[in-house]
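The values are calculated or read from the model by the stated rules, or taken from the named source; none is laboratory data. Quick caveat, the model's predicted, so the values are computed rather than measured. Backbone-built Cβ (ideal geometry, glycine too); neighbour counts: all protein chains shown. Each accessible area value is taken on the protein alone, full model and side chains, heavy atoms only, with ligands, DNA and RNA left out. Shrake-Rupley method; radii C 1.70, N 1.55, O 1.52, S 1.80 Å.
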Amino acid sequence: MDRTQDWGQDRDEFRLHGVVDGHSDPTGHPDHLQEQARAMLATAVAEARAGLAEGGIPIGAALYAPDGTLLGRGHNRRVQDDDPSLHAETAAFRAAGRQRSYRGTTMVTTLSPCWYCSGLVRQFGISRVVIGEARTFHGGHDWLARHGVRIVLLDDPECAAMMRDFIGARPALWSEDIGGE
């Protein structure tokens with residue numbers, strides 16, 4: 001069973017017309033787009049594993065150009081660099097370098113983006129966000145969808161397990177990362 005969910009304008013289009021991009025699937029994603037999103041997610045997962053191996057929080061991200069070219073990748077480095085602003089999406093964005101425009105780009109992240117990272121997506125006009133999972137943390141992706149960003153939630157079991165294991169092993173660090181008490 002494909003557990004992918006899609007938020008945004010296409011969801012409303014499906015509700016109104018029963019079809020998205022010529023498909024009756026409510027996610028509006030033909031098989032080749034599902035495969036592309038999962039292939040992109042593999043880069044973010046590799047980054048999350050690298051962060052975990054360094055003693056950090058296992059969240060990874062990657063920014064892709066409209067043609068699918070990898071622009072930048074990174075992982076949460078808050079612990080390693082003692083920098084509260086170095087979230088995975090921020091690291092990938094910085095690694096991509098300055099772009100003339102972010103229209104049509106895709107941010108891929110292993111976990112639903114927090115408000116800080118959601119703001120980055122909105123500020124720079126990133127068009128689509130592919131999310132590995134939102135079970136362990138439900139960030140700002142609903143807000144992004146309401147503001148026209150296409151959201152693809154893959155509900156990836158590996159991403160969920162990695163975060164669940166981390167939260168179980170390091171609950172205080174996780175609480176600090178999400179701004180808990």
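Here are the numbers for the structure shown:
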| item | result |
| --- | --- |
| For segment 89-170, accessible area per residue (1.4 Å probe, heavy atoms of protein chains only), Å² | 44 Å² |
| Dipole in debye (nearest 20) - segment 76-181, about Cα centre, beta carbon charges: Lys, Arg +1; Asp, Glu -1 | 680 debye |
| Pairwise FRET efficiency - residue 115 versus residue 54, Cβ, R0 = 30 Å, nearest 0.05 | 0.75 |
| Protein-only accessible surface order, largest first, of 135, 100 at 1.4 Å | 100, 135 |
| Estimated vicinal HN-Hα couplings, Hz - segment 156-163 in sequence order (Karplus 6.51, -1.76, 1.60; Gly, Pro = x) | 6, x, 5, 4, 5, 5, 4, 6 |
